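Inspection log for the structure reproduced underneath, given as C-alpha cells.
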Amino acid sequence: MGILIDKNTRVLVQGITGHEGSLQTGQMIDFGTNIVGGVTPGKGGSLVHERPVFDSVNEALKETDANASVIFVPPQFAADSIFEAIDNGIELIVCITEGIPVHDMMRVWSYLKTSSSRLLGPNCPGITTPSASKIGIMPNHIHKPGNIGVVSRSGTLTYEIVDMLSKNDIGQSTSVGIGGDPVNGTSFVDILELFEDDSETHAVVMVGEIGGTTEEESIDFIKQMSKPVISYIVGVSAPPGKTMGHAGAIISMGVGTALEKIQAFEKAGITVAKSPSDIVQLVKNSL
Amino acid sequence: MKLYEYAAKEIFSKYDIPIPASTLVSDADGAEEAARKMGEVVIKAQVLTGGRGKAGGIARASSPEEANIQAKRILGMSIKGFPVKKVLIEEYREPIKEMYLGITIDRTKKSPVIMASPQGGIDIEETAKNSPEQITMMHINPLTGIHEYQARMLANSLDRNKSPELINIIKKLYCVFIDNDCQLVEINPLARTKDGIIALDGKMVIDDNALFRQDFSQEETGSLEELARKNGMSYVGLDGEIGCIVNGAGLAMATLDMIKHYGGTPANFMDVRAGANAQQVKTALEIVSSNKNVKSIIINIFGGLTKCDEVAKGIIEIFPEIKIPLVVRLSGTNELEGRAMLGKYGIQMASSTEEAAKGVVGLGHSN
C-alpha cells in the first residue's frame, strides 16, 4: 500500500517539454507511473512520450482525470505553477524545482493552508512507492518493495540510504523527500503520521539535517508512535553561519546544529544512527 | 547576500525612513572634507560582519582633523578577517532612546515576523535569550500584508508617545522587506532624537534565490565561493586537508561527517548540484584543488539526474594536471560506464560514502 500514492495515482507533469521534465517523464513511465499528460504554456497540442501536452492545468483536467502533479518549472515561474495546481484542486502537488525565492514560498504556504491540496517540496526528489508509482526523480533501480518507510530532507543522501537498504534485502513501503528549503509544504510530522497509519509500514527511517527545528518538532509525535523510528542527522561537521548548499541548511543564532538535534532525539529515547550503514543494522535490530 | 550599512540606508532613504546625512569615503582626506561640512560626525567601518563597534570600527570625531585621524585608523583595520575599504561619515545625532526594529522569516510559522523592542542598540540576540518579554513579535500574512492595527501595536510597544511616527516607519520597513526579497532587514538602533525618530544603523540580507529579479550587483571578491556560485555550484571553505566534491547538499554533509568520523578533516563543502556535466566537474576539481591545504580529494556521486559517465569524463580531463590523490565513488545513472572509464587510470574507487571516506582518510595517513 504505502502512503500518498499508488498504482491509481494519475499524474500530470507541469513543465513536461523542458529538458528535465521530458527526461524524468520517461523515467517515471518506465517505473510504471500513470502519467496522464503534461502542461507547458504555448506547447498545447503536442506530445511528449506519447502523452498529450496542454496549455494550462485547467485544460488538462478537461481531457484527463489527473489527481496529482509534478512540477519541473524553472524557479522564476514555479510558484505560479503551484498556485495553478492548487486553484485546480490537484490533491498532491510535488515540486522538484530548486531555488524558488523564499518570499514566493511564504505566499504559496499561506494560500495552501486554506486549500485541500498537499504540497511536497519544493527542492525535493519526490516520492516513490516500489512496484506501484514514482512521482519525482529518484533513480528507478534502487527501490525494493517492503515495509520500511523512508522520509528525508535530502535528495542524493536518500538514494544512498534507500539503495543500501535494498542491497541488504530491506524493502521500502514508500520513500519520501520533503525537500531542503526553509519553507516547504510537507513536514516530517505530516509524513510520520501517514506512516503510523499505514498498515504496510513496520518501521521508519528519518533523515534530518542542520538548520531550522523541523526535526525537533517531530519528537513529541515520534514518542507516541507505535512503530520504531530510526533517525540519522547530517551536518555534525558544519560550521555556524554558513549555508551548506540547501537553502535551509544553515545554523543561525545557535539554533539547528546537528549536535543539538541528535541530543534532543537521544534524550527522547529515539534511536540515532551514526552512519548510513549503521542505519541498516539498527533497522534490522528494530524488526 | 548581505548589504553594507550604507547600501541598506540608501534603500531606507528611498522609502522615506529617516537616516542621518552621510558620505561614503575610501580615504582619510575624504573623511576630513566630509566632516568639515557636517560638524560632529561618526566614522563607521563598512564591513559585512557584525561586532565592528566592539572591534573599534566606529568612532566619533568633533573636528575635521580628528575625523582624518580616526578614518585613517579605521581604514587600516581588518575586522574578523574583513579589511575595511570604505568608511561612512555620518552626521552625529544624539539618541535620547535606542530601540530595535527588525523583520525576518519565521521558518516554523512560514511567514514574515516583525520584531520590536524598546531596548535597542545592544545585542538583540542576547535580549531575545535573556529577556524575551522585552521583544514584541508580530507575524504577518504575506497575502494580506501588514494591517494597521499590527503596526499600531508594535509602535505602542516601542514608544507610545511617538506612535504615529513609528507606525509610518514600521509600515515602510515592511515594504522594504517585501519589495527587496529580504531574508532580514533590521534597524538597530532605531533612535529617538530631539528632531524625531531616525535609523542610526541598517542591516539587510537579500535572498540569493531572488537575485534574478532584484537589482543588486554582487561585489566581486575573487573567492572560491564566488567562482563556484558562478558555475552553478555551492562551495564553503573549511580548514581541513581533504577536498570534497559531492552531488547534493545532504550527501555532501554526510560525506564530511564520515570523513571526521574516520579521523580526517574536510577542507571544504562542495555541492555540484543535480545534473552536473563534465565541464562542471572539471571546474569543481580546479576549485577544490586550488586550495593549498588540500592533500587528497574525495569525489562522491550518487547519480540521479547526474550521469556517472559525465562525471568520469570531467575527472579524466583534469586528473593528470592536479597531482593530488583521489578517491572516487560513482553510483547511480550510468555507473558501470563511469567506473570503466576511470578504471584505466588507476584511480582508487569506492562503492559507498563510508568506504570512500575511509579510503580518502587512509590516503592521508600513508602519505
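Restricting the search to the stretch A:68-79, which residues are surrounded by fewer than 19 Cβ atoms within 10 Å (Cβ to Cβ) and not in a loop (DSSP other than H, G, I, E, B)? Within the stretch A:68-79, A:75, A:76, A:77 meet the criteria. Does residue A:158 count as of a type in the set (Val, Ile, Thr) and open to solvent by 10 Å² or more (accessible area, probe 1.4 Å)? Judged against the criteria, residue A:158 is not a match. Return a yes/no flag: does the stretch B:8-17 have any residue that is free of Cβ contacts under 8 Å to residues at least 40 places away in the same chain, of a type in the set (Phe, Trp, Tyr) and under 30 Å from residue B:221 (Cβ atoms). Within the stretch B:8-17 (the criterion being free of Cβ contacts under 8 Å to residues at least 40 places away in the same chain, of a type in the set (Phe, Trp, Tyr) and under 30 Å from residue B:221 (Cβ atoms)), the answer is no, since none of the residues qualifies. Within the stretch A:87-100, the presence of at least one residue that is more than 9 Å from chain B (Cβ to nearest Cβ), of a type outside the set (A, V, I, L, M, F, W, C), open to solvent by 10 Å² or more (accessible area, probe 1.4 Å) and assigned to a helix (DSSP H, G or I) is confirmed.
Condition first: of a type outside the set (Gly, Ala, Ser), in contact (Cβ under 8 Å) with a residue 40 or more places away in the chain, assigned to a loop (DSSP other than H, G, I, E, B) and surrounded by fewer than 16 Cβ atoms within 10 Å (Cβ to Cβ). Can you find one or more residues in the stretch B:78-86 that meet it? Yes: the stretch B:78-86 contains one or more residues that are of a type outside the set (Gly, Ala, Ser), in contact (Cβ under 8 Å) with a residue 40 or more places away in the chain, assigned to a loop (DSSP other than H, G, I, E, B) and surrounded by fewer than 16 Cβ atoms within 10 Å (Cβ to Cβ). Answer yes or no as to whether residue B:102 is more than 16 Å from residue B:203 (Cα to Cα) and not β-branched (Val, Ile, Thr). Answer is no for this residue. For the criterion of being open to solvent by 10 Å² or more (accessible area, probe 1.4 Å), more than 24 Å from residue A:125 (Cα to Cα) and more than 14 Å from chain A (Cβ to nearest Cβ), residue B:318 fails.
Taking the stretch B:251-279 as the search range and keeping residues that are more than 7 Å from chain A (Cβ to nearest Cβ) and in a helix (DSSP H, G or I), which one is nearest to residue B:305 (Cα to Cα)? Looking at residues that are more than 7 Å from chain A (Cβ to nearest Cβ) and in a helix (DSSP H, G or I), I get B:278. Scanning the stretch A:1-20 for residues that are of a type in the set (A, V, I, L, M), open to solvent by less than 20 Å² (accessible area, probe 1.4 Å) and either modelled with pLDDT under 95 or more than 19 Å from residue A:118 (Cα to Cα) (or both) yields a single hit, A:16. Scanning the stretch B:3-26 for residues that are part of a loop (DSSP other than H, G, I, E, B) and touching a strand residue (DSSP E or B) at 6+ places or on another chain (Cβ under 9 Å) gives B:4, B:17, B:18, B:19, B:20, B:21, B:26.
Looking across the stretch A:187-211, the residues that are closer than 21 Å to residue A:100 by Cβ and crowded, with 24+ Cβ neighbours inside 10 Å come down to A:188, A:191, A:209, A:210, A:211.
A residue that is of a type outside the set (A, V, I, L, M, F, W, C), on the phi > 0 side of the Ramachandran plot, touching a strand residue (DSSP E or B) at 6+ places or on another chain (Cβ under 7 Å) and in contact (Cβ under 8 Å) with a residue 12 or more places away in the chain occurs somewhere in the stretch B:324-332. Among the numbered criteria (1) open to solvent by less than 60 Å² (accessible area, probe 1.4 Å); (2) in contact (Cβ under 8 Å) with a residue 40 or more places away in the chain; (3) more than 23 Å from residue A:141 (Cβ to Cβ), which single criterion is violated by residue A:65? Failed condition: (1).
Before we move on, is residue B:185 outside any helix (DSSP H, G or I) and either under 14 Å from residue B:102 (Cβ atoms) or more than 14 Å from chain A (Cβ to nearest Cβ) (or both)?
Values: outside any helix (DSSP H, G or I): yes; either under 14 Å from residue B:102 (Cβ atoms) or more than 14 Å from chain A (Cβ to nearest Cβ) (or both): yes.
Taking the combined requirement at face value, the residue satisfies it.
Scanning the stretch B:111-129 for residues that are surrounded by fewer than 18 Cβ atoms within 10 Å (Cβ to Cβ) and within 13 Å of chain A (Cβ to nearest Cβ) turns up B:113, B:123, B:125, B:126, B:128, B:129. When the stretch A:222-262 is filtered for residues that are among the small types (Gly, Ala, Ser), open to solvent by less than 10 Å² (accessible area, probe 1.4 Å) and modelled with pLDDT of 70 or more, the ones remaining, listed by number, are A:231, A:235, A:256, A:258.
Filter the stretch B:191-233 down to the residues that are in a strand (DSSP E or B) and of a type in the set (Lys, Arg), then identify the one that is nearest to the other protein chains (Cβ to nearest Cβ).
Looking at residues that are in a strand (DSSP E or B) and of a type in the set (Lys, Arg), I get B:203.
The residues of the stretch A:167-182 that are more than 7 Å from every other protein chain (Cβ to nearest Cβ) and open to solvent by 20 Å² or more (accessible area, probe 1.4 Å), listed by number, are A:167, A:168, A:169. For the stretch B:89-129, the set of residues classified as in contact (Cβ under 8 Å) with a residue 24 or more places away in the chain and on the phi > 0 side of the Ramachandran plot consists of B:121 only. Of the residues in the stretch A:118-126, at least one is over 10 Å from the mean Cα position of the chain (by Cα) and modelled with pLDDT of 95 or more.
Picking from B:40, B:33, B:94, B:65, which residue would you name as being buried (at least 16 other Cβ atoms within 10 Å of the Cβ) and over 20 Å from the mean Cα position of the chain (by Cα)? Answer to the check: B:33. Filtered by the rule that a residue be open to solvent by 10 Å² or more (accessible area, probe 1.4 Å), in contact (Cβ under 8 Å) with a residue 40 or more places away in the chain and not hydroxyl-bearing (Ser, Thr, Tyr), the stretch A:113-138 gives A:118, A:123, A:130, A:132, A:137. Only a single item in (1) in contact (Cβ under 8 Å) with a residue 24 or more places away in the chain; (2) open to solvent by less than 60 Å² (accessible area, probe 1.4 Å) is not met by residue B:53, and it is number (1).
Apart from one condition, residue B:108 fits all of (1) within 27 Å of the chain's Cα centre (by Cα); (2) closer than 30 Å to residue B:53 by Cα; (3) surrounded by fewer than 18 Cβ atoms within 10 Å (Cβ to Cβ); the exception is (2).
The values are calculated or read from the model by the stated rules, or taken from the named source; none is laboratory data. All of these numbers come straight from a predicted model, not from anything done at the bench. Because the Cβ atoms are built from the backbone with ideal geometry, glycine has one as well, and the counts that use them run over all protein chains shown. Protein only, heavy atoms only, side chains kept; ligands, DNA and RNA dropped before computing areas. Shrake-Rupley method; radii C 1.70, N 1.55, O 1.52, S 1.80 Å.
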